[in-house]
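Structure, as structure tokens:
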Amino acid sequence: MLRGETDLSQEPTSGAQRLRPVEDFAGSLAQRCYLSLREAILSLAYRPGEVLKKPEICARLGVSRSPVAEAVARLAGEGLVEVVPQAGSFVSRFSMDDIREGAFLREAIELAAVEDLAPRITEDQLVLLRRNLRVQAALADDGDVEGFYGLDGEMHALILSFTGHRKLAQAAETAWLNVARARRMTLPVAGRLALTLAEHQAVLAALEARDGERARMALRHHLRQLLHHLEPLQRERPDLFAPRGQPSA
């Protein structure tokens, strides 16, 4: 198994065992519980459809029931948790409808951003992107999925931040939230790290050439690989997905 890969083919140990301590986060106690749970859900420590056992979570985090209940309610509002009356709270299954919508919104934001940025990107900004990709290459060579995933997200965030539009990153993250969780399942696919790296390098090359149209095309190709890899996964692992036409939560 590659480093950082979550094996969903096996019955998991409780996701609560992989919750980071609340001391690792900032904010109110409820905020810290929320951030710890959110991270565990997005990283697939809690797999789609898994029950959130609040007493177990409270014990793991060393908190009372109230901040955990508040965190779960907030996650439900984001579509990451499904609260079923008289049954409990469950991690939302993937929804291809939600994924397609999120991918559509993220693509619209990022393609506009990269096309706008390309003609005016600075050498200092290119240096930051080159450094990021050099580390990505090392992580891909090591098979470090988790590390690669983090640098991948950082690269996209850098491009958005370079536009100077302060609200873009938040808008993109909101659109991408439910997509990001599903996307983590595609990187462990054999050869995907190397292909993703090559896609990133194509985007960088277009930015270095300050060619807006070429950058747009390279980024569009990269972003659209997600659905190409997720649609077969839906057929292979239908247990992880909400029934077609139904929301994940």
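The values are calculated or read from the model by the stated rules, or taken from the named source; none is laboratory data. Keep in mind that what you see is a predicted model, and the values were worked out from it rather than measured. When we count neighbours, we look across all protein chains shown, and the Cβ atoms used for this are built from the backbone with ideal geometry, even at glycine.
Summary of values
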{"item": "Cross-chain or 6+ apart pairs with Cβ under 8 Å, region 133-146 first and exposed (fewer than 15 other Cβ atoms within 10 Å of the Cβ), then of a type outside the set (Val, Ile, Thr)", "result": "ASP142/ARG3"}
{"item": "Some residue of region 137-160 being at pLDDT below 95 and touching a Pro at 6+ places or on another chain (Cβ under 8 Å)", "result": "yes"}
{"item": "In region 1-26, the residues that are modelled with pLDDT of 90 or more and either in contact with a Phe, Trp or Tyr (Cβ under 6 Å, 6 or more places away or on another chain) or buried (at least 19 other Cβ atoms within 10 Å of the Cβ) (or both)", "result": "LEU19, VAL22"}
{"item": "Inter-residue pairs, beta-carbon under 9 Å, first not assigned by TED's automatic domain parsing to the domain that holds LEU195 and in region 214-238, second at pLDDT 85 or above and assigned to a helix (DSSP H, G or I), 6+ apart", "result": "none"}
{"item": "Check on LEU187, at pLDDT 95 or above, crowded, with 18+ Cβ neighbours inside 10 Å and closer than 23 Å to PHE104 by Cβ", "result": "no"}
{"item": "Count of region 40-62 residues which are under 23 Å from the mean Cα position of the chain (by Cα), among the small types (Gly, Ala, Ser) and at positive phi", "result": "1"}
{"item": "Count - residues of region 54-102 that are part of a helix (DSSP H, G or I), crowded, with 18+ Cβ neighbours inside 10 Å and among the basic types (Lys, Arg)", "result": "1"}
{"item": "Flag if LEU105 is over 15 Å from ALA175 (Cα atoms), among the hydrophobic types (A, V, I, L, M, F, W, C) and in a helix (DSSP H, G or I)", "result": "no"}
{"item": "Given (1) over 23 Å from VAL135 (Cα atoms); (2) touching a Ser or Thr at 6+ places or on another chain (Cβ under 8 Å); (3) modelled with pLDDT under 85, index of the condition HIS228 fails", "result": "(2)"}
{"item": "Residue in region 27-37 that is modelled with pLDDT of 95 or more, surrounded by 14 or more Cβ atoms within 10 Å (Cβ to Cβ), under 30 Å from ARG192 (Cα atoms) and in contact with a helix residue (DSSP H, G or I) (Cβ under 7 Å, 6 or more places away or on another chain) present", "result": "yes"}
{"item": "Residues (out of contact with any Gly (no Cβ under 7 Å at 6 or more places or on another chain) and either closer than 20 Å to LEU42 by Cβ or in contact (Cβ under 8 Å) with a residue 40 or more places away in the chain (or both)) located in region 105-119", "result": "LEU105, ARG106, GLU107, ILE109, GLU110, LEU111, ALA113, VAL114, ASP116, LEU117"}
{"item": "Any chance ALA198 is exposed (fewer than 15 other Cβ atoms within 10 Å of the Cβ), assigned by TED's automatic domain parsing to the domain that holds ARG106 and modelled with pLDDT of 90 or more", "result": "yes"}
{"item": "Qualifying residue in region 155-172 (condition: without any contact (Cβ under 8 Å) to a residue 60 or more places away in the chain, surrounded by fewer than 20 Cβ atoms within 10 Å (Cβ to Cβ) and in contact with a His (Cβ under 7 Å, 6 or more places away or on another chain))", "result": "yes"}
{"item": "Selected residue [closer than 29 Å to ARG235 by Cα, hydrophobic (A, V, I, L, M, F, W, C) and not assigned by TED's automatic domain parsing to the domain that holds ARG216] from VAL84, VAL145", "result": "VAL84"}
